[in-house]
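One structure below.
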Amino acid sequence: MDPNWEEALNRFEMVIDSGTEAMRIKAIIKLAQLSNHAPEHILGRTIPVLANLIADHSSNNSSVSLQRVVVYCLKCIACEADGRLASEIGQSGALLSILRLLPEADDSFGKVAVKCIWCLVNLDNGNRLIVAMNGGLEIIISMLNSSTSVRRYLLEILSVLSLLRMVRRRLACLGGFQFLVEAGSCGNMLSRERACQAIGLLGVTRRARRMLVDLGVIPVLVELLRVGDSTTKLVAGNSLGVISAHIDYIGLVAQAGAIPLFAELLQGPEPLGHEVAEDAFCLLAVDEANAVSIAEHLVRILREGNDEAKAAAANVFWDLSGYKHSVFVVRNSGAIPLLVELLGSQSSEVRETVSGAIAQLSYNEADREALIESGAVSRLLELLLHDDSEELKDNAAEALINFYEDSVQQERISEVVDHPSFRSMRDRLTRIRTSDDRMVSSMSAMNIEELARED
């Protein structure tokens, strides 16, 4: 038989209003025990009653024991109704009261209060704002400087608060960066992911990036890239990419073992993961030793990966072939024969990205020779004449125009010089080169005095 919840609520309110402290404590503990059974509307009506018992007003004479039980009960209620009751608790003023009581609380009460705040901020965005705007960040960091018994909860509170811009702006001056890095290395995975996301947002600025690196953030992010779930790996990879945007840290990221992990991300099922890994590789490849290591992983993917991974790997080679120091890296890696072979892939995405990479490689004479030896010209001619993709035809035409500069290849390529894609691409490249020549000529004509005047 279901209990009469309205009658039980009336009895509870009567005890709170006129009962002894012992009776009040007993009734509140009973409410906490029944919170996962009571209807949402009944629990909601108890929130103002409980909030009043810890409110800061002259008529409130609640003891610490009673306050501790109230806060514990509020934590139990907050966990119900998918966060809706957590929002009501914040709006009732109870969260502000808990923040007010926390700095002076003893260890026992402090544990209960921190766990309650942890629930409230994890379940409701509005509660995060309440904590951040009412001194909660300062309280949490102060406790992190000394507390160990509830440290994990404090770190997880900090990580969720750090998603707020107003919190991130204050972290450095409060000495909170060290704790944010710590939050990325321990606790539940969702909390570590949040800390990682905040680190990525903070790392955009040079000063914050340097501070985070000095505090050991790179190994923390690499570990998350290794052990995180699929979402966490994306966030960690993106944050590592942000850190890698400074030349001084590229070596540290590679030394921490990031390159093989980004290669795994490139082979994963997430399209966003491919983008994150591609961007990271392009940054890390600024260092020649990194470029060699990256190329080795990309070659393996071109051999063994699925179509999506092969296309992503070809995209990276496309980018790397534009780096002067990486030109010989791509050639020496053994990638060129594989790229030429993949021009015959059944996947249009693979053919398009591979043809783009080959077009970029064709600007280098030594790479052109390697491409010719691998049979690229015949495949490109076939694609230009018979493939349906306009992007692929443009890429093939661009490469063939570069091959046409080789007198040995001119006769073979002459059969397509009147092809619309070939003519269009040749005209486009002519305009670009003319514009570049004019720019160089114009800059050469400017003397030092003219430059000084323009400054």
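Just to be sure, is SER348 out of contact with any strand residue (DSSP E or B) (no Cβ under 9 Å at 6 or more places or on another chain) and closer than 16 Å to ILE413 by Cβ? Answer is no for this residue. Only one entry of PRO39, PRO3, PRO103 meets the criterion of being within 39 Å of the chain's Cα centre (by Cα), farther than 30 Å from ILE141 by Cβ and open to solvent by 10 Å² or more (accessible area, probe 1.4 Å), and that entry is PRO39. Kindly indicate whether any position in the range 395-414 is open to solvent by less than 90 Å² (accessible area, probe 1.4 Å), modelled with pLDDT of 80 or more and charged (D, E, K, R). The answer is yes, given that some residue of the range 395-414 is open to solvent by less than 90 Å² (accessible area, probe 1.4 Å), modelled with pLDDT of 80 or more and charged (D, E, K, R).
Let's see how each residue does on (1) hydrophobic (A, V, I, L, M, F, W, C); (2) in contact (Cβ under 8 Å) with a residue 12 or more places away in the chain; (3) open to solvent by 30 Å² or more (accessible area, probe 1.4 Å):
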residue	(1), (2), (3)
LEU221	yes, yes, no
ARG226	no, yes, yes
THR232	no, yes, no
GLY237	no, yes, no
LEU240	yes, yes, no
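If you check SER108, SER87, SER97 for being modelled with pLDDT under 95 and assigned to a helix (DSSP H, G or I), only one passes: SER108.
Looking across the range 269-302, just one residue is in contact with a Pro (Cβ under 9 Å, 6 or more places away or on another chain) and of a type in the set (Gly, Ala, Ser), and that is SER293.
Within the range 43-65, the set of residues being surrounded by 18 or more Cβ atoms within 10 Å (Cβ to Cβ) and either in a helix (DSSP H, G or I) or hydroxyl-bearing (Ser, Thr, Tyr) (or both) comprises LEU43, GLY44, THR46, ILE47, LEU50, ALA51, ASN52, LEU53. ASP214 meets the conditions (1) within 20 Å of ALA312 (Cα to Cα); (2) open to solvent by 30 Å² or more (accessible area, probe 1.4 Å) in every case but one. The failed one is (1). Report, by residue number, each residue of the range 50-81 that is over 23 Å from SER108 (Cβ atoms) and without any contact (Cβ under 8 Å) to a residue 40 or more places away in the chain. Listed by number, the residues that qualify are HIS57, SER58, SER59. Of all residues in the range 165-194, exactly one satisfies the criterion of being in contact with a Lys or Arg (Cβ under 6 Å, 6 or more places away or on another chain) and either at pLDDT 95 or above or among the charged types (D, E, K, R) (or both), namely GLY184. Considering only residues in the range 258-299 that are open to solvent by 20 Å² or more (accessible area, probe 1.4 Å) and of a type in the set (Val, Ile, Thr), the one that is modelled with the lowest pLDDT turns out to be VAL286. The residue pairs whose first member lies in the range 274-300 and is farther than 11 Å from VAL316 by Cβ and of a type in the set (Lys, Arg), whose second member is open to solvent by less than 20 Å² (accessible area, probe 1.4 Å) and part of a helix (DSSP H, G or I), and whose beta carbons are closer than 8 Å, counting only pairs six or more residues apart or on different chains, are ARG300/ALA263. Just a yes or no: is a residue in the range 228-239 more than 12 Å from the chain's Cα centre (by Cα) and either part of a helix (DSSP H, G or I) or under 17 Å from ARG128 (Cβ atoms) (or both)? Scanning the range 228-239 turns up no residue that is more than 12 Å from the chain's Cα centre (by Cα) and either part of a helix (DSSP H, G or I) or under 17 Å from ARG128 (Cβ atoms) (or both). Among residues that are in contact with a Phe, Trp or Tyr (Cβ under 8 Å, 6 or more places away or on another chain) and not charged (D, E, K, R), VAL114 is included. Selection of the range 191-219 for residues being closer than 20 Å to ASN290 by Cβ and part of a helix (DSSP H, G or I) yields ARG209, VAL213, VAL217, ILE218, PRO219.
For the range 177-197, the set of residues classified as surrounded by fewer than 24 Cβ atoms within 10 Å (Cβ to Cβ) and of a type in the set (Gly, Ala, Ser) consists of SER185, GLY187, SER191, listed by residue number.
Matching residues to (1) of a type in the set (A, V, I, L, M); (2) open to solvent by less than 40 Å² (accessible area, probe 1.4 Å); (3) under 22 Å from the mean Cα position of the chain (by Cα):
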residue	(1), (2), (3)
LYS115	no, no, no
GLY126	no, yes, no
GLY135	no, yes, no
GLU138	no, no, no
THR148	no, no, no
GLU156	no, yes, yes
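Beta carbons closer than 6 Å, at least 6 apart along the sequence or on distinct chains, pair a first residue in the range 145-158 that is part of a loop (DSSP other than H, G, I, E, B) with a second that is of a type outside the set (Lys, Arg) and at pLDDT 95 or above for VAL150/VAL114. Taking the listed residues ALA94, ALA105, ALA113, the one that is more than 30 Å from HIS37 (Cα to Cα) and among the small types (Gly, Ala, Ser) is ALA105, with no other qualifying.
If you go through the range 245-257 one residue at a time, do you hit one that is among the small types (Gly, Ala, Ser), surrounded by 24 or more Cβ atoms within 10 Å (Cβ to Cβ), modelled with pLDDT under 95 and out of contact with any His (no Cβ under 7 Å at 6 or more places or on another chain)? No: zero hits. It is to be established whether one or more residues within the range 242-249 are assigned to a helix (DSSP H, G or I), charged (D, E, K, R) and either within 21 Å of VAL330 (Cα to Cα) or in contact with a strand residue (DSSP E or B) (Cβ under 7 Å, 6 or more places away or on another chain) (or both). No; the residues of the range 242-249 include none that is assigned to a helix (DSSP H, G or I), charged (D, E, K, R) and either within 21 Å of VAL330 (Cα to Cα) or in contact with a strand residue (DSSP E or B) (Cβ under 7 Å, 6 or more places away or on another chain) (or both). Based on what the data block shows, is LEU429 within 20 Å of SER362 (Cβ to Cβ), open to solvent by less than 40 Å² (accessible area, probe 1.4 Å) and modelled with pLDDT under 80? Answer is yes for this residue.
The values are calculated or read from the model by the stated rules, or taken from the named source; none is laboratory data. No experiment lies behind these values; they were computed from the predicted model shown. As a convention, Cβ positions derive from the backbone with ideal geometry for all residues, glycine included, and neighbour counts pool all protein chains shown. Side chains included, ligands, DNA and RNA excluded: accessible areas come from the protein's heavy atoms. Shrake-Rupley method; radii C 1.70, N 1.55, O 1.52, S 1.80 Å.
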